[in-house]
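Trainee: Structure provided below as structure tokens; questions to follow.
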Amino acid sequence: MTRRPASVTVRVPAKVNVQLAVGGPRPDGFHDLANVFLAVGLYDEVTVVPAEELRITVAGPDAGQVPADASNLAARAAVALAARHGLEPRVHIHIVKDIPVAGGMAGGSADAAGALVACDALWGTGASREELLAICAELGSDVPFSLVGGAALGRGRGELLEPLETGGTFHWVFAVADGGLSTPEVYRECDRLRGDAAVPEPEASPALIEALRTGDAVALAASLANDLQPAALSLRPSLAATLAAGAEAGALAALVSGSGPTTAFLAKDAESAHAVAGVLAASGTCRTVRVTTGPAQGATLV
């Protein structure tokens, strides 16, 4: 008989959208996307242990903003996996946050992917990669990428992934804003700002994909794009000052990360990244600043 582990811990990365092309609203309320994800080295850790009932605890920065009940995506991941294998989700899920909360960096999605991989290992369900990705897609548009990591093009609502080659290390600075932004609200604002204008089918930029492949930070900077940025700036005008501060500090490019309000700055090297971070930290335009690199591995047992 295979001995089950007493506890399992999985590390999961944040993401930045180096391109987020957003189509018009679909009948189901979602939008078709061409979403180029890059995993970056800011991580949450998800630990699971057997328990009498499903329980969630959260620690780390802004842990109080994370739901510690059945609505948490990590809890829903455990329930979904258990249901497929005829199990009761009797597990304590402990999340240690380091990915900014409600910051457009897929922290909740990362926790769901982490819980899924951890519960699979704890329960010995032996789920295939395809099964785990299918559950991820049911849970949310960003969850499959949190499982996979690296770089990928997401189509559909972002859940249909095509891995992308990366040829080097990219240096990033992230400026964390006060408070969060609701992703559905940002999409609604995007639709409102567009009005009746025709919206083209979202397509990934060949130049951006080539820049990822060759590891060319300057070329990547020239291709970064986020169709949700005007909506995020409309809802949170103060982000414009953060973007300007980072650009003036020497970042190759500045953009809102996903639906925001975290802003992302691509730097040419580690020295430049730390210089940009220093200026941003002193600018008074953001709450905290983080420096890291990408790509990073997806959900990984530790």
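None of the figures in this text is laboratory data; all of them are computed from the coordinates on show. Note that the structure is a prediction, hence the values are computed from the model and not measured. Glycine gets a Cβ as well: all are built from the backbone with ideal geometry, and neighbour counts include every protein chain shown.
Trainee: In region 1-129, if the dipole is taken from +1 on Lys/Arg beta carbons and -1 on Asp/Glu beta carbons about the Cα centre, which of 114, 100, 17 is farthest to the positive end?
Mentor: Farthest towards the positive end: 114.
Trainee: To the nearest 20 debye, what charge dipole does region 8-164 have about its Cα centre, counting +1 at the Cβ of each Lys and Arg and -1 at the Cβ of each Asp and Glu?
Mentor: Values: 11 positive and 18 negative charges, 36 e Å.
For region 8-164, the charge dipole is close to 180 debye.
Trainee: What residues from region 146-167 fall in the zone where the backbone N is under 15 Å from a label point 7 Å along the Cα-to-C-beta line of residue 28?
Mentor: Only 155-161 fall inside the zone, counting backbone N under 15 Å.
Trainee: Another one. Packing-wise, with mean Cβ within 10 Å as the measure, how do 104-116, 259-271 rank, highest first? Intermediate values should be presented prior to the final figure.
Mentor: Numbers: 104-116: 30.5, 259-271: 23.2.
Most protected by this proxy first, the peptides run 104-116, 259-271.
Trainee: How do the peptides 11-18, 168-175 rank, highest first, by the average count of neighbouring beta carbon atoms within 10 Å per residue? Working shown, then result.
Mentor: Numbers: 11-18: 28.9, 168-175: 23.4.
Highest to lowest by the protection proxy: 11-18, 168-175.
Trainee: Follow-up question, since we're still on this one. If you average the alpha carbon positions of region 110-185 and of region 234-302, how far apart do those two centres end up, in angstrom?
Mentor: Comparing the Cα centres of region 110-185 and region 234-302, I get a distance of 21 Å.
Trainee: Take the eigenvalues of the Cα gyration tensor for region 230-284, scale each by 5, and report the square roots as semi-axes in whole Å, largest first.
Mentor: Values: eigenvalues 80, 26, 12 Å².
Here the semi-axes work out to 20, 11, 8 Å.
Trainee: Tell me, in nm to one decimal, what length is gained between residue 162 and residue 275 on full extension, where the rule is 0.36 nm per residue of separation less the Cα-Cα distance? Don't skip to the end; give the middle numbers.
Mentor: Working: separation 113, 0.36 × 113 = 40.68 nm, distance 3.41 nm.
That works out to 37.3 nm of additional length.
Trainee: Here's another thing I want to ask about it. Kindly identify region 170-294 as rounded, prolate or oblate by the Cα gyration tensor criterion: order the square roots of the eigenvalues as a ≥ b ≥ c, call it rounded if a/c is under 1.5, otherwise compare a/b with b/c, prolate if a/b is larger, else oblate.
Mentor: Numbers: a/c = 2.41, a/b = 1.19, b/c = 2.02.
It is oblate, given that a/c is not under 1.5 and a/b is not larger than b/c.
Trainee: Right, here's the next one. Measure nothing fancy, just the Cα-based angle from helix 107-123's long axis to the longest principal axis of the chain, in degrees from 0 to 90, nearest 10.
Mentor: Once rounded, one gets 20 degrees.
Trainee: Related question: What full-extension length gain, to one decimal in nm, is calculated for residue 182 and residue 240 as 0.36 nm per residue of separation minus the Cα-Cα distance? If you can, show how the numbers build up before the last one.
Mentor: Details: separation 58, 0.36 × 58 = 20.88 nm, distance 1.80 nm.
Full-extension gain reported as 19.1 nm.
Trainee: Hey, rough spin-label estimate for residue 53 and residue 194, points 7 angstrom out along Cα→Cβ, what's it come to in nanometres?
Mentor: 4.4 nm
Trainee: Same structure, new question: If you take every residue apart from residue 167 with its C-beta less than 14 Å away from the C-beta of residue 167, what net charge results, scoring Lys and Arg +1 and Asp and Glu -1? The partial results should precede the final answer.
Mentor: Details: positive: 213; negative: 165, 210, 216.
Charge balance in the 14 Å sphere: -2.
Trainee: So if each residue of separation counts as 0.36 nm, and I subtract the Cα-Cα distance between residue 203 and residue 68, what length gain in nm does that give? Intermediate results must be reported in sequence, preceding the final value.
Mentor: On the way: separation 135, 0.36 × 135 = 48.60 nm, distance 3.73 nm.
Net length gain for the segment: 44.9 nm.
Trainee: Nearest 20 debye, what's the magnitude of the dipole of region 133-196 about its Cα centre given +1 on Lys and Arg Cβ and -1 on Asp and Glu Cβ?
Mentor: Details: 5 positive and 10 negative charges, 14 e Å.
For this selection, approximately 60 debye.
Trainee: Compute the angle between helix 270-283 and the longest alpha-carbon principal axis of the chain, please, reported from 0 to 90 degrees and rounded to the nearest 10.
Mentor: Between the helix axis and the principal axis of the chain, the angle is about 80 degrees.
Trainee: What Kirkwood hydrodynamic radius do you get for the chain when you take the inverse of the mean 1/r over all pairs of distinct Cα atoms, in Å? Write out the running numbers ahead of the final one.
Mentor: Numbers: mean 1/r = 0.0515 Å⁻¹.
For the chain, the Kirkwood estimate is 19.4 Å.
Trainee: By counting other Cβ atoms within 10 Å of each Cβ, how are 95, 56 ranked from fewest to most?
Mentor: On the way: 95 27, 56 21.
Fewest-to-most Cβ neighbours within 10 Å comes out as 56, 95.
Trainee: Determine the dipole magnitude for the chain: charges of +1 sit on the beta-carbon of Lys and Arg, -1 on that of Asp and Glu, nothing else is charged, the reference point is the Cα centre, and the result goes in debye to the nearest 20. Intermediate values should be presented prior to the final figure.
Mentor: Values: 21 positive and 32 negative charges, 92 e Å.
Roughly 440 debye for the chain.
Trainee: On a 0 to 90 degree scale, rounded to 10, what angle separates helix 183-194 from the longest Cα axis of the chain?
Mentor: Helix 183-194 sits roughly 30 degrees off the main axis of the chain.
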